[in-house]
Amino acid sequence: MDATGGRGMAEYRIDDLARAAGSTVRNIRAYQDRGLLPPPRLAGRVGLYDDSHLARLRLIGQLLGRGYTFAVIKDLLTAWETGRDVGDVLGLEKVLTDPWSDEIPGTATYDELIAIFGGGLDEGERERMRRRTIELGLIEPDGGVYRVPSPRLLHVGAELVAAGIPLDAVLDIAERIRGDVDVIAGRFVGLVQEHVFSRLEDRPEGEEVTEVAAVVRRMRPLVKMVVDPLIARAMEVRVQAALGEHLETVRAHLEGERPAAR
């Protein structure tokens, strides 16, 4: 690292800059290739960076640590450099990355899971079910316990098993429903992507970014408002069709057991 006399700003070779920023030479070059970091000042064949590069590197590291993608970071930096409102881009990113459920994840021990789902299973079957449940994302190993992303789904599974449905069958239907809802989500996202997200392709202005964020935010209750009545109606029709005949059989059986009128 060299002092630069009258300018009062330090200059760094690339390896010095990497150490000062807690990064690597490879990362610095990757950021330059992606347009996130301005090129250095050339002194002969040596590239010299200054404190503005160091500040930019630290900012990039912080944004990456918060989960921002390279594309969003580039938009943020461009907005900052061109005088646009960085809050517009941050607002859109928040809408896109915020969870769509207010459900609070829970935890469960292996013994608790076995007590709920492992009745009648031998050790080999329990291990197979454990692996399959992890693969489906219903539980996640977390130290000595398991993180449960959706306690509601776990409760539904427990109720089905308690009703006598084999755990394998419960996991089968969970896997199929996950595929079904992925199709539904894809249709909604495709609709918005075609008619709303396309506005962001040509260097959007702040108002357009804000409008897109508002549309995504409104999608959350809209999706539930559409899916809930449709699934309720579909279940009503399916249950009536599937159980109607069984109910008639039960009714006829009960009628036959009644004593004859005197």
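The single condition among (1) open to solvent by 50 Å² or more (accessible area, probe 1.4 Å); (2) modelled with pLDDT under 65; (3) in a helix (DSSP H, G or I) that Arg84 does not satisfy is (3). In region 185-194, the residue that is farthest from Val215 (Cα to Cα) out of those that are under 16 Å from the mean Cα position of the chain (by Cα) and of a type in the set (A, V, I, L, M) is Ala185. Against the test of being within 17 Å of Ala21 (Cβ to Cβ) and of a type in the set (A, V, I, L, M), the options Leu59, Leu76, Leu42 yield a single qualifying residue, Leu59. When we screen Gly91, Gly67 for residues that are touching a Ser or Thr at 6+ places or on another chain (Cβ under 7 Å), under 29 Å from Glu211 (Cβ atoms), at pLDDT below 80 and loosely packed, with under 15 Cβ neighbours inside 10 Å, the only hit is Gly67. Within region 118-138, being open to solvent by less than 30 Å² (accessible area, probe 1.4 Å), of a type in the set (A, V, I, L, M, F, W, C) and in a helix (DSSP H, G or I) holds for one residue alone: Met129.
The values are calculated or read from the model by the stated rules, or taken from the named source; none is laboratory data. Computed from a predicted model, the values in this text were never measured in an experiment. Neighbour counts are summed over all protein chains in view; Cβ atoms, including those assigned to glycine, are modelled from backbone coordinates with ideal geometry. Note: accessible area is taken over every heavy atom of the protein model, side chains too, but ligands, DNA and RNA are not part of it. Shrake-Rupley method; radii C 1.70, N 1.55, O 1.52, S 1.80 Å.
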